[in-house]
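Peer 1: One structure, as C-alpha cells, below. Some questions next.
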Amino acid sequence: MFVFVLLWVVGYCLRLTILAMPPVAAQLTAAFDLSASLTGALTTLPMLTIAIGAWLTHRLVQRFGLAGTVVVGLGLTALLSTARVATPDVALLMAATAGMGAAIGVFQTALPALVTQWTPTRIAFGCAVYLNGMMMGEWSAAGLTLPLVAPVIGADWRAILLFWSSLVAVAAVGVTLRTWLAPSAVAPTELAVDTRTYWGRQAFSMGIPLGASIAAFYAVNAYAAELAIARGELDALPRFLFLFNLTPMLASFVVLRVSHWIGQPRPIWIATLVTALALSVFVVTDGVVGLLAACVAGFFATLMMILLMALPSILWTGSAASQATASMSVIGYVLGFTLPLAGGMLVDGFGWAPLALIPIALLLMGCLVCRPVAVR
C-alpha cells in the first residue's frame with residue numbers, strides 16, 4: 001500500500017509547479033510587463049523542456065537507477081521552481097521555468113519503468129494511481145490556489161509558488177526514504193533509456209495525439225485570464241479555473257474505474273473527437289455555455305492524455321517502456337509547447353483572444369483523419 005501512496009504523491013508533483021502559474025499570471029503580467037505570448041509561455045514553456053528532460057533521462061538512469069532518477073528530478077523541480085521567486089527579470093524567470101520543466105521531464109520519463117519495477121503484478125493499476133495523482137495535482141494548483149491557498153498564505157505570487165514548490169521537496173524525501181528502506185535489486189544499466197533507438201511509427205502515433213491533448217488543456221489554462229478579460233468575465237476567472245481544473249481529477253477517477261480501457265484505441269479516438277468539438281464550441285461561445293464546453297474539453301483531453309501516457313507501461317517493460325515514454329514525450333511536449341505559443345502569437349497579431357486555441361482545435365481534427373494511436 002505504501003508504494004501506491006508514494007506513486008500517487010510523485011504523480012501529484014508532475015504538474016503542481018506548472019499549474020501554480022495560471023492563478024498568478026495576472027500578477028506576473030503586471031510585474032514584468034509581459035505580452036500575451038510570454039504570459040502563456042510561463043505555463044507552456046515547461047511543455048517544451050519536459051521533452052528535453054525526457055531525452056536526457058537515460059543518462060541519469062544509468063548513473064542513479066530509476067528511483068534515484070526520480071529523486072533527482074523531484075529535487076531539481078523543487079529547487080528551480082523556488083528559484084522563480086527570486087528572479088529579478090523576465091529572462092531569468094523564463095530560464096528557471098525552462099529548467100523546471102526539464103527536471104519534471106526527467107522523473108516523468110522514469111516513472112513508467114519504475115511502476116513496472118515497484119508494482120510488477122499490478123502495472124495498470126499502478127499507472128492509474130500515479131496519473132490520478134497527477135490530475136489531482138493539476139486541480140490543486142490551478143483550481144485551489146485562489147479560493148483556498150491564497151487566503152491562508154497570502155495572495156502574493158512569490159508565497160504561492162514557494163508553497164507548491166515545498167510539496168515537491170517533500171515528495172523527493174519520500175522516494176529517498178523508500179529507496180533506502182527497500183533498495184532495488186535491478187541494476188541501473190538494465191533499465192537504461194536510450195531514446196535514439198525508438199523513433200518509429202508507434203512513437204508518432206502516440207506522440208502527436210498526446211501533444212494535442214496536452215496543448216488543449218494547458219492552452220485553456222494559460223490563456224484563461226486573456227479570454228476572461230476579452231469577454232468581460234474577469235470576476236468569473238477563479239470559478240472558471242476551479243471548475244476547469246476539476247475535470248482532470250474526474251477523468252482520472254473514471255480511468256481508475258475502467259482501467260481496461262488502457263491499451264484500447266477506440267476510447268482514445270472518441271476522446272479526441274469530443275475534445276475537438278468541445279474546444280471549438282468554447283472558442284466561439286462565452287458565458288455558461290462556454291464554461292461547460294471548456295469543462296467537457298478539459299475532461300476528454302485529460303482522458304486522452306491518461307490513456308496515452310499509460311500505454312508504454314502496458315505495451316512494454318523495463319527499458320522499452322522508458323524508451324517509448326521518452327520518444328512520445330519529446331514529440332508530444334514539443335507540440336504541447338509550440339501549439340499554444342503559436343496561438344499566443346496569433347492573439348498578439350490580431351488581438352482576438354480565442355485565436356490562441358485555433359491551432360490546437362485544428363490538430364485535434366487532423367488526428368481524427370487517421371487512427372489516433374497504433375496499439376499492437
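Values quoted throughout were computed directly from the atomic coordinates according to the rules given, and no laboratory measurement underlies them. Everything quoted here is computed from the prediction, not taken from an experiment. Positions of Cβ are generated from backbone atoms using ideal geometry, with glycine treated the same way; all protein chains shown enter the neighbour counts.
Peer 1: Rg(Cα) of the range 285-347 divided by 2.2 N^0.38 Å?
Peer 2: Cα-based Rg divided by the globular estimate yields 1.49.
Peer 1: Could I ask something else about it? Per Stokes-Einstein, at 10 °C and 1.306 mPa s, what whole-number D in µm² s⁻¹ belongs to the range 50-105, with the Kirkwood radius over Cα pairs as the hydrodynamic radius?
Peer 2: D, rounded to a whole number, is 139 µm²/s.
Peer 1: Name the helices (complete DSSP H segments) of the chain with a Cα length along the long axis of 18 Å or more and a Kyte-Doolittle mean of at least 1.0, or state none.
Peer 2: Once both thresholds are applied, what remains is 36-83, 90-118, 123-144, 157-181, 265-284, 287-315, 318-350.
Peer 1: Which is farthest toward the positive dipole end of the chain among 46, 300, 130, measuring Cα position about the Cα centre, with Cβ charges +1 (Lys, Arg) and -1 (Asp, Glu)?
Peer 2: Farthest towards the positive pole: 130.
Peer 1: When 1/r is averaged over all different Cα pairs and the result inverted, which Kirkwood radius in Å belongs to the range 205-269?
Peer 2: 13.8
Peer 1: Highest mean first, what order results for 280-286, 150-156 on Cβ atoms within 10 Å?
Peer 2: The peptides rank, most packed first, as 280-286, 150-156.
Peer 1: If I take all pairs of Cα atoms in the range 1-148, what percentage of them are more than 21 Å from each other?
Peer 2: Everything past 21 Å amounts to 45 percent.
Peer 1: To continue, here is another question. What number comes out for the charge environment of residue 38, summing +1 per Lys or Arg and -1 per Asp or Glu over other residues with Cβ under 15 Å away?
Peer 2: Here the charged neighbours net out to -3.
Peer 1: Say R0 is 30 Å: what FRET efficiency, to the nearest 0.05, do residue 3 and residue 166 get from their beta-carbon distance?
Peer 2: Efficiency computed from Cβ-Cβ geometry: 0.80.
Peer 1: Compute the distribution of all C-alpha to C-alpha distances in the range 257-376, in bins of 10 Å from 0, and list the percent of pairs in each, rounded to whole numbers.
Peer 2: Spelled out per bin, shortest first, that is 13, 39, 33, 13, 3.
Peer 1: Measuring from the lowest to the highest alpha carbon on each principal axis, how far does the range 242-313 reach, largest first, in angstroms?
Peer 2: So the three principal-axis extents are 40, 22, 16 Å.
Peer 1: Could I ask something else about it? Evaluate Rg over Rh across the range 21-90, taking Cα atoms for both radii and Kirkwood's formula for Rh.
Peer 2: Using Cα coordinates only, the ratio equals 1.08.
Peer 1: Calculate for the chain the 222 nm mean residue ellipticity that helices alone would give, adding -39,500 (n - 2.57) per DSSP H run of length 4 or more and normalising by residue count, nearest 500 deg cm²/dmol.
Peer 2: Rounded to the nearest 500, the figure is -26000 deg cm²/dmol.
Peer 1: Over all alpha-carbon pairs in the chain, figure out the percentage whose distance exceeds 31 Å.
Peer 2: Value for the chain: 28 percent of Cα pairs lie more than 31 Å apart.
Peer 1: Charges at C-beta only: +1 for Lys and Arg, -1 for Asp and Glu. How large is the resulting dipole of the chain about its Cα centre, in Debye rounded to 20?
Peer 2: With Lys and Arg at +1 and Asp and Glu at -1, about 1020 debye.
Peer 1: All other residues with a Cβ under 15 Å from the Cβ of residue 246 taken together, and with Lys, Arg as +1 and Asp, Glu as -1, what is their net charge?
Peer 2: +1
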